[in-house]
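**Student:** Here it is, the structure in full.
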Amino acid sequence: MQLRKVMEKDQDKILHEVTQSEYKYGFVTDIESESIAKGLNEDVVRLISQKKNEPEFMLEFRLKAFRYWQKMKMPEWAHLQIPEINYQDIIYYSAPKQKASGPKSLDEIDPELKATFDKLGISLDEQKHLSGIAVDAVMDSISVKTTFKESLADLGIIFCSFSEAVQEHPDLIKKYMGSVVPYTDNYFAALNSAVFSDGSFCYIPKGVRCPMELSTYFRINAANTGQFERTLIVAEDDAYVSYLEGCTAPRRDENQLHAAIVEIIANNNAFVKYSTVQNWYPGDKNGLGGIYNFVTKRGKCAGENSKISWTQVETGSAVTWKYPSCILLGNNSVGEFYSVAVTNNHQQADTGTKMIHIGKNTKSTIVSKGISAGFSNNSYRGLVKVTKNATNSRNYSQCDSLLLGDKCGAHTFPYIEVDNKDSIVEHEATTSKIGEDQIFYCNQRGIKTEDAIGLIVNGYAKEVLNKLPMEFAVEAQKLLQISLEGSVG
Amino acid sequence: MLSIKNLHANIEGKEILKGINLEVKEGEVHAIMGPNGSGKSTLASVLAGRDMFTVTEGKVTYMGHNLFELSPEERASEGIFLGFQYPIEIPGVSMVNFMKTALNEQRKHKGLEPLSSSDFLKHMREKKELVELDTNLTNRSVNEGFSGGEKKRNEIFQMAMLEPKLAILDETDSGLDIDALRIVANGVNKLKSPHNASIVITHYQRLLDYIIPDYVHVLYDGKIIRSGGKELAFELEEKGYDWLKKGITV
Ligand SMILES: Nc1ncnc2c1ncn2[C@@H]1O[C@H](COP(=O)(O)OP(=O)(O)OP(=O)(O)O)[C@@H](O)[C@H]1O
Ligand SMILES: [Mg+2]
């Protein structure tokens with residue numbers, strides 16, 4: 001996913017420029033990196049903490065999480081078939097070697113690294129940014145560079161790598177880390193809490209509207225390495241921020257594990273919009289290789305009238321296990337989840353959301369669009385829970401599945417628990433197929449089958465794509481089409 | 001322009017076209033009539049390249065090409081337009097987007113630059129006026145929720161937009177009220193030139209009051225059993241198809 005501002009306003013045109021069906025980001029950067037030995041035990045956890053020169057409270061948090069994880073079993077309830085993962089066969093820390101440690105000026109960054117991000121469309125050079133996007137660029141276990149940090153700081157906004165936040169703002173980390181996703185939450189959350197190496201931290205002070213899109217770009221480069229990052233976003237009263245996340249990885253025959261945590265806290269009247277375009281390497285046509293994407297994302301609408309909105313476009317990864325959720329604690333708070341998940345070839349996705357209504361007059365909206373092709377399996381799994389005191393709450397869910405071909409699967413698992421009589425929960429679901437007659441109709445007007453699919457799929461997903469910031473929307477459209485190339489005819 | 005020789009086609013082993021012969025020259029209008037199930041739509045689909053039909057015998061030449069060597073989209077870009085008897089709905093895809101994509105794809109095929117947004121919109125406005133199409137319809141998804149008549153009118157609008165060389169209109173007049181019929185016929189007539197041709201499939205002689213055909217053909221059981229001038233349509237209107245059937249020598 002590229003974060004650059006695409007100048008063409010003409011979104012339709014893009015659909016026709018795409019001819020390449022290969023995964024574009026499959027290259028490897030040849031860079032010296034510092035890795036620790038494979039395997040996981042308490043010493044490794046200590047070593048990671050030590051490498052990052054962490055304060056004592058962090059090490060304690062990690063060790064507690066690790067001990068908890070050791071007693072857990074990998075969850076099996078998802079509609080996924082995952083080969084057994086050997087956690088001792090993974091490298092838990094790998095960092096591109098850098099000249100200087102700590103915050104870096106552009107000149108101090110290895111040119112290879114700069115070139116890598118340039119190739120991914122992410123410029124680390126603030127001068128070269130056409131649009132107002134600040135980026136935290138993370139490769140493997142560490143953050144390489146955060147742009148626009150200084151100009152944001154003038155507004156009181158903290159935007160930096162997670163490691164830096166641990167050093168510079170330990171009180172905020174102590175207060176909020178694990179407050180939305182405790183390490184006991186689930187297997188992968190516990191694992192992440194034990195071994196996470198970096199990620200982004202963002203703090204918007206009271207009354208501040210963040211003037212630019214903040215973003216994190218995650219890149220896996222090293223082989224046999226897992227990526228475990230954490231993102232923590234705190235929006236104080238009346239604050240606003242729009243956050244973007246993109247990710248890619250090299251093409252490899254071995255599977256690689258990515259287990260991340262994202263936590264969002266929105267206080268009174270705060271609004272956090274979080275958009276993801278997930279484009280990890282999906283594996284090849286036969287299902288060889290690809291990223292296992294096991295992610296826990298959750299936001300807490302802690303304050304009254306607060307709002308958290310998740311938008312995701314999921315096209316990559318061999319296996320996706322991910323449920324960006326909202327805890328609607330404050331009265332009148334609002335949670336949204338807009339999702340497009342595409343699976344092709346042998347990809348599997350089990351994704352959806354949880355909306356937990358606790359405050360009064362809370363509202364949530366779920367729009368999920370699954371698109372399955374090839375031999376893939378695509379499941380929506382969602383929980384809408386309205387607790388006893390969440391008077392007058394509302395949820396509207398719409399889950400649509402689109403099938404291309406007849407060897408793929410689409411499944412919907414909606415769970416609804418309502419303990420409050422004054423609340424209204426609505427659920428609608430549809431399943432449709434791209435018909436041969438639709439394709440032929442397009443063909444007859446001069447539109448090639450691939451472009452016809454792009455047109456139809458983008459039309460189907462429009463409601464979600466429209467929620468993305470402009471910079472992302474155009475790229476996401478392209479991506480949808482590329483992901484589905486070769487899936488029909 | 002189009003030459004069909006001894007065309008046979010089947011679907012799932014069932015033969016539907018049983019030896020069609022037809023010559024269409026530039027500037028001509030041909031009407032094809034015939035009872036339900038005689039194979040009119042099948043002929044249209046085969047010409048447009050629908051792959052569910054299998055051509056087992058025969059030859060079709062279009063503008064010097066062997067038609068069967070062209071993909072459906074190439075045929076479209078080479079100027080063959082099919083007005084569908086049952087236009088297809090494509091939810092989520094706006095007419096504007098659909099037409100823009102189609103038009104620019106066809107331009108690309110011809111080695112032309114895509115139209116700029118303003119040129120495209122101008123072109124669209126002109127054609128909409130020509131077929132008196134409601135402005136709203138182009139902002140909606142392709143045919144979705146269109147009434148029967150609106151769908152037919154939309155086919156003519158698309159034809160006007162794409163300016164084909166050979167238009168095959170499959171019962172575009174069915175389901176139209178008398179005003180719409182006039183508008184559709186008008187649209188067809190205005191696009192008529194010495195360089196293009198149309199094949200109009202219809203059940204009703206009344207369409208031919210507006211679109212004057214040079215030839216009328218009767219398709220019966222997969223064969224053209226009678227060809228004639230405009231008078232043939234009147235005769236059919238009066239007598240039905242029975243008198244022709246009796247004359248067939250098997
Ligand atoms: N998909 C199909 N599967 C099986 N048979 C088909 C299919 N399509 C057409 N046929 C058959 O082919 C024959 C010719 O059909 P076609 O639609 O060409 O007739 P038509 O002349 O256009 O009729 P109408 O005037 O009713 O439109 C019919 O017997 C029809 O049932
Ligand atoms: Mg017909």
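**Student:** Whole-Hz Karplus ³J(HN,Hα) for the range B:79-91, in order, using 6.51 cos²θ - 1.76 cosθ + 1.60 and θ = phi - 60°, x for Gly and Pro?
**Tutor:** Each residue's phi maps through the Karplus curve to give x, 8, 10, 10, x, 6, 5, 10, x, 8, 8, 10, x Hz.
**Student:** How high is the relative contact order of chain B, in percent, with contacts defined as C-alpha pairs under 8 Å that are six or more residues apart? Don't skip to the end; give the middle numbers.
**Tutor:** Details: 430 pairs, mean separation 68.2, N = 250.
Value for chain B: 27 percent.
**Student:** Counting Lys and Arg as +1 and Asp and Glu as -1, each charge on the Cβ, what is the dipole of the protein assembly as shown about the Cα centre in debye, to the nearest 20?
**Tutor:** On the way: 84 positive and 97 negative charges, 146 e Å.
Charge dipole, the protein assembly as shown, about its Cα centre: 700 debye, nearest 20.
**Student:** Moving on. Using only alpha carbon positions, build the gyration tensor of the range A:2-483, then give the equivalent ellipsoid semi-axes as the square roots of 5 times its eigenvalues, largest first, whole angstrom. Intermediate values should be presented prior to the final figure.
**Tutor:** Working: eigenvalues 197, 154, 107 Å².
Equivalent-ellipsoid dimensions as semi-axes: 31, 28, 23 Å.
**Student:** Test of understanding: given chain A, find the longest segment containing no GluC sites (Glu not before Pro) that are in a DSSP loop and have at most 13 other Cβ atoms within 10 Å. All intermediate terms of the calculation are to be shown ahead of the outcome.
**Tutor:** Numbers: sites that count: A:Glu8, A:Glu22, A:Glu32, A:Glu76, A:Glu84, A:Glu254.
Free of exposed loop sites, the longest segment is A:255-489.
**Student:** Under 18 Å from the Cα of B:Lys192, which lysines turn up, not counting those fewer than eight places away in the same chain?
**Tutor:** Those lysines meeting the cut-off are B:Lys25, B:Lys127, B:Lys128, B:Lys165, B:Lys230.
**Student:** With each label point set 7 Å from Cα along the Cα-Cβ vector, what nm distance links A:Gln81 and A:Asn286?
**Tutor:** Output for this residue pair reads 1.6 nm.
**Student:** Can you give the accessible area buried between chains B and A, summed over both chains, with a 1.4 Å probe, in Å² to the nearest 100? Working shown, then result.
**Tutor:** Details: alone 12190 and 19270 Å², together 29050 Å².
Between B and A, the summed buried area is about 2400 Å².
**Student:** Along the charge dipole of chain B, which of B:Gln158, B:Gly148, B:Leu22 sits closest to the positive end, that is, farthest toward it, with unit charges on the beta carbon of Lys, Arg, Asp and Glu (+1, +1, -1, -1)?
**Tutor:** B:Leu22
**Student:** Okay, next question. Please report the spacing between the Cα centers of the range A:310-379 and the range A:202-269 in Å, no decimals.
**Tutor:** 16
**Student:** Right, something else. Would you please name the trypsin sites (Lys or Arg not before Pro) within the range B:12-97 that are DSSP coil residues with at most 13 other C-beta atoms within 10 Å of their C-beta? Mind dumping the intermediate values first?
**Tutor:** Details: sites: B:Lys14, B:Lys18, B:Lys25, B:Lys40, B:Arg50, B:Lys59, B:Arg75; in loops: B:Lys25, B:Arg50.
Within the range B:12-97, the qualifying trypsin sites (Lys or Arg not before Pro) (loop, at most 13 other Cβ atoms within 10 Å) are B:Lys25.
**Student:** Another question, then. Jot down the radius of gyration and Dmax of the range A:150-264, Cα atoms only, both in angstrom.
**Tutor:** Taking only Cα atoms of the range A:150-264, I get Rg and Dmax of 15.1, 48 Å.
**Student:** Turning to a different aspect of this structure: Tell me which lysines have Cα within less than 17 Å of B:Lys122's Cα, excluding those fewer than 8 residues away on the same chain?
**Tutor:** B:Lys100
**Student:** Separate question: Per the 1.4 Å probe, what fraction of the accessible area of chain B, in percent, lies on carbon and sulfur atoms? Write out the running numbers ahead of the final one.
**Tutor:** Values: 5300 of 11040 Å².
Carbon and sulfur atoms account for 48 percent of the accessible area of chain B.
**Student:** Relative to the Cα centre, what is the charge dipole magnitude of the range B:2-247, using +1 at the beta carbon of each Lys and Arg, -1 at the beta carbon of each Asp and Glu, and rounding to the nearest 20 debye?
**Tutor:** Details: 31 positive and 36 negative charges, 52 e Å.
With Lys and Arg at +1 and Asp and Glu at -1, about 240 debye.
**Student:** Sticking with this structure for a sec: Set the bar at 24 Å for Cα to Cα. Now go through A:Lys360/A:Lys385; A:Lys297/A:Lys369; A:Lys297/A:Lys467; A:Lys369/A:Lys478; A:Lys24/A:Lys300; A:Lys64/A:Lys97 and name every pair that lies beyond it. The partial results should precede the final answer.
**Tutor:** Numbers: A:Lys360/A:Lys385 13 Å; A:Lys297/A:Lys369 19 Å; A:Lys297/A:Lys467 18 Å; A:Lys369/A:Lys478 17 Å; A:Lys24/A:Lys300 35 Å; A:Lys64/A:Lys97 30 Å.
Listed pairs above 24 Å: A:Lys24/A:Lys300; A:Lys64/A:Lys97.
**Student:** Please check chain A for the longest run free of trypsin sites (Lys or Arg not before Pro) that are loop-located per DSSP (anything but H, G, I, E, B) and have at most 11 other Cβ atoms within 10 Å.
**Tutor:** Details: sites that count: A:Lys9, A:Lys71, A:Lys73, A:Lys97, A:Lys99, A:Lys388, A:Lys407, A:Lys421.
Here the longest run is A:100-387.
**Student:** By DSSP, what percent of the beta bridges with both residues in the protein assembly as shown are antiparallel, rounded to the nearest 5?
**Tutor:** Numbers: 35 of 180 bridges.
The antiparallel proportion sits near 20 percent.
**Student:** Once you list every other residue whose beta carbon is under 10 Å from the beta carbon of B:Phe84, what net charge do they have if Lys and Arg are +1 and Asp and Glu are -1?
**Tutor:** Working: positive: B:Lys151, B:Lys152; negative: A:Asp437, B:Glu155, B:Asp170, B:Glu171.
Result for the neighbourhood of B:Phe84: -2.
**Student:** With a 1.4 Å probe and every protein chain left in place, work out the accessible area per residue of chain B in Å², rounded to a whole number. Don't jump to the answer; show the numbers that get you there.
**Tutor:** Working: 11040 Å² over 250 residues.
On a per-residue basis, 44 Å².
**Student:** Label B:Tyr204 and A:Met72 with points 7 Å out from Cα along Cα→Cβ: what is the distance between them in nm?
**Tutor:** For B:Tyr204 paired with A:Met72, the spin-label model returns 6.9 nm.
**Student:** Grab the other residues whose beta carbon is less than 10 angstrom from that of A:Tyr176, score K and R as +1, D and E as -1, and report the net.
**Tutor:** Numbers: positive: A:Lys174, A:Lys175, A:Lys300; negative: A:Asp171, A:Glu263.
That sum, taken over residues with Cβ under 10 Å, equals +1.
**Student:** List every DSSP H helix in chain A whose Cα atoms extend 18 Å or more along the helix's own long axis and whose mean Kyte-Doolittle hydropathy is at least 0.0.
**Tutor:** Numbers: long enough: A:56-70 (21 Å, -0.39); A:449-465 (23 Å, 0.46); A:470-484 (22 Å, 0.65).
Span-like helices in chain A: A:449-465, A:470-484.
**Student:** At 1.4 Å probe size, with no ligands or nucleic acids counted, give the accessible surface of B:His65 in Å², nearest ten.
**Tutor:** Near enough 70 Å² of accessible area.
**Student:** Further question on the same structure: What shape does the range A:239-342 have by the C-alpha gyration tensor, where a ≥ b ≥ c are the square roots of the eigenvalues, rounded means a/c under 1.5, and otherwise prolate means a/b greater than b/c and oblate the rest?
**Tutor:** prolate
**Student:** If I compute solvent accessible area with a 1.4 Å probe over the protein chains, what percent of it on chain A is carbon and sulfur?
**Tutor:** Working: 8400 of 18010 Å².
It is 47 percent, rounded to a whole number.
**Student:** Would you work out the relative contact order for chain A, in percent, from Cα pairs under 8 angstrom that are 6 or more residues apart? Provide the component values of the computation, followed by the final result.
**Tutor:** Numbers: 1283 pairs, mean separation 57.8, N = 489.
Answer for chain A is 12 percent.
**Student:** Where both partners of a DSSP beta bridge lie in chain B, what percent of those bridges are antiparallel, to the nearest 5? Before the final figure, lay out the partial values.
**Tutor:** Values: 24 of 41 bridges.
Roughly 60 percent of the beta bridges in chain B run antiparallel, per DSSP.
**Student:** Next question. Of A:Ile308, A:Val166, A:Val418, which is farthest on the positive side of the dipole of chain A, counting Cα position, with +1 on Lys and Arg Cβ, -1 on Asp and Glu Cβ, and the Cα centre as origin?
**Tutor:** Highest projection toward the positive end goes to A:Val418.
**Student:** Further question: Set Lys and Arg Cβ to +1 and Asp and Glu Cβ to -1, take the dipole of the range A:144-234 about its Cα centre, and tell me which of A:Thr216, A:Gln227, A:Asn186 lies farthest positive.
**Tutor:** A:Asn186
**Student:** Quick check for you: with a 1.4 Å probe and neighbouring chains kept, what is the accessible area per residue of the range A:198-301, in Å²? Can you show the working numbers first?
**Tutor:** Details: 2330 Å² over 104 residues.
Dividing the accessible area of the range A:198-301 by its residue count gives 22 Å².
**Student:** How high is the FRET efficiency from A:Ala115 to A:Glu463, r the C-beta distance, R0 45 Å, rounded to 0.05? Show your work: numbers first, answer last.
**Tutor:** Numbers: r = 38 Å, r/R0 = 0.84.
Efficiency for this residue pair is about 0.75.
**Student:** Give me, ordered by chain and number, the residues 5 or more places off B:Glu28 or on other chains with an amide H under 5 Å from its own placed amide H.
**Tutor:** B:Ser198
**Student:** Give me the percent relative contact order of the range B:139-250, please, defined on Cα pairs under 8 angstrom at least 6 residues apart. Intermediate values should be presented prior to the final figure.
**Tutor:** Details: 99 pairs, mean separation 22.9, N = 112.
Relative CO of the range B:139-250 lands at 20 percent.
The values are calculated or read from the model by the stated rules, or taken from the named source; none is laboratory data. Note that this is a predicted model, so its numbers are computed, not measured. Note that we place each Cβ from the backbone using ideal geometry, even for glycine, and neighbour counts take in every protein chain shown. Ligands, DNA and RNA are stripped out before the accessible areas are found, and what is left, the full protein with its side chains, is counted by its heavy atoms. Shrake-Rupley method; radii C 1.70, N 1.55, O 1.52, S 1.80 Å.
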